[in-house]
Amino acid sequence: MSGKTLNKKQNYISSVEDKLKYAINNGDAKIEKNKIGNRKGLRNVLTIGDKSYQYNPKNITKILTSKLNKLTKTDKYKATNEIKRIYNSIRLRNSLKSYAIKNKATITNVKSAFNSYVNSYSITNIKLKNLKGLSYIKYQYETLRPFLIRSPNMKLLISVFIILEHIIEDENGNFERIETYIKETRSRRYEIYNTTDLQETLNNASADIELQIFNAKFEKSNLKITGIDKIVVNYDRFNPTRGGSYIKLPEHIALKNACINIKKGR
């Protein structure tokens, strides 16, 4: 790993540049412009203790790197670096939280468009561009999990309404207007038996739907995907042992007494 060291205990990466900044801020090193020998002009010189080193920020020598490693091989430096890592982590987390609140979608219970699905809700106000809004699908675990716990075995169908734009040009090829269309794309029906299945299904559903959209080849019709209007999640109980019509076994099979053929009694 060039120019960087990895502390396995602290689990952080510290670059030579970071170590140099720490040494300068701590008063252990300083950068000055001095004349070196008979060379013309002033040169950047890094002074550590009573020794000076020629300093080029674009090409830090191995000797200088070794000196900085020794200088910062202290518990104080490690603690400073760990505080910096935690601070940056908190800043990143807060930034993501702020972004999520700003771009928060609206979830509303709706009547399912499919007779075989009793429960349905829609995700609207999706501000993410293009197909990035599909990322909302994998975060529906906490919404669907209570239903799955109450009613083991669940079927799931997801409808995504994508926004398509068609640029209309006049006979001279000049821009005239933009026409907008909404196109529905449905996932396949997922059969879910436990919470592990649910999480895996949600993780894979967005990729499945994106593949369907890609295979539709809207660009061949000069249609551009600009966003997602809404996502509708349809779900209901799923009975994996549902029965069908009774069919009498052929006599040559029935005589073997090797098959169970259930017939519902009156």
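Taking neighbour counts of Cβ atoms within 10 Å as a proxy for exposure, in what order, fewest first, do T47, T201 appear? Numbers along the way, then the final one.
Working: T47 15, T201 22.
So the ranking, lowest neighbour count to highest, is T47, T201.
For S89 and I247, compute 0.36 nm times the residue count separating them, minus their Cα-Cα distance, and round to one decimal in nm. Kindly include the intermediate steps, with their values, before the conclusion.
Values: separation 158, 0.36 × 158 = 56.88 nm, distance 6.44 nm.
Extra length available between S89 and I247 comes to 50.4 nm.
Taking 0.36 nm per intervening residue step and subtracting the Cα-Cα distance, what contour gain separates A254 from E169 on full extension? Show your work: numbers first, answer last.
On the way: separation 85, 0.36 × 85 = 30.60 nm, distance 7.16 nm.
Using 0.36 nm per residue and subtracting the Cα-Cα distance, I get 23.4 nm.
Amide H to amide H under 5 Å from D229: which residues, 5+ apart in sequence or cross-chain, H placed 1.01 Å off N in plane?
Residues meeting the criterion, in which the H sits 1.01 Å from N, are F161, I162, I163.
Using θ = phi - 60° and the Karplus relation 6.51 cos²θ - 1.76 cosθ + 1.60, list the HN-Hα couplings for the range 207-215 in order, rounded to whole Hz, with x at every Gly or Pro.
Once rounded to whole Hz, the list reads 5, 4, 5, 4, 5, 4, 5, 4, 5.
Determine ³J(HN,Hα), in whole Hz, for all residues of the range 143-157 in sequence, where each value follows from phi through the Karplus function 6.51 cos²θ - 1.76 cosθ + 1.60 and θ = phi - 60°; x replaces Gly and Pro.
6, 8, 4, x, 5, 5, 5, 6, 10, x, 6, 9, 10, 9, 9
Output the peptides 79-87, 117-125, 249-257 sorted from most to least packed, where packing is the average of other Cβ atoms within 10 Å over each peptide's residues. Walk me through the numbers on the way to the answer.
Working: 79-87: 13.3, 117-125: 16.8, 249-257: 9.0.
Per-residue mean Cβ counts within 10 Å order the peptides as 117-125, 79-87, 249-257.
HN-Hα J couplings of the range 162-171 from phi, Karplus 6.51/-1.76/1.60, θ = phi - 60°, integer Hz, Gly and Pro as x?
Running phi through 6.51 cos²θ - 1.76 cosθ + 1.60 with θ = phi - 60° gives 8, 9, 10, 10, 10, 7, 9, 10, 7, 5 Hz.
Express in whole angstrom the spacing between the alpha-carbon centres of the range 48-72 and the range 163-203.
56
Test of understanding: ordering R145, R150 by Cβ neighbours within 10 Å, fewest first, what list do you get? Display every interim value, and only then the final one.
Values: R145 14, R150 9.
Fewest to most other Cβ atoms nearby, the residues stand as R150, R145.
For N119, what residues show an amide H to amide H distance below 5 Å, using hydrogens built from the backbone and excluding near sequence neighbours?
Result for N119 returns Y235.
Determine the alpha carbon to alpha carbon distance for each of K138/K220; K21/K51; K84/K129 and list only those over 26 Å.
Details: K138/K220 30 Å; K21/K51 18 Å; K84/K129 33 Å.
The answer is K138/K220; K84/K129.
Could you compute the net charge surrounding T47? Neighbours are other residues with a C-beta less than 15 Å from the C-beta of T47; K and R count +1, D and E count -1.
Values: positive: K30, K33, K35, R43, K51, K67; negative: D28, E32, D50.
Its environment carries a net charge of +3.
Treat the count of other C-beta atoms within 10 Å as a stand-in for reagent exposure and order L223, L211 from fewest to most. Could the numbers behind the result be given before it?
On the way: L223 18, L211 10.
Starting with the residue having the fewest Cβ neighbours, the order is L211, L223.
Values quoted throughout were computed directly from the atomic coordinates according to the rules given, and no laboratory measurement underlies them. Note that the structure is predicted; figures quoted are calculated from it, not measured. We place every Cβ from the backbone using ideal geometry, glycine too, and count neighbours over all the protein chains shown.
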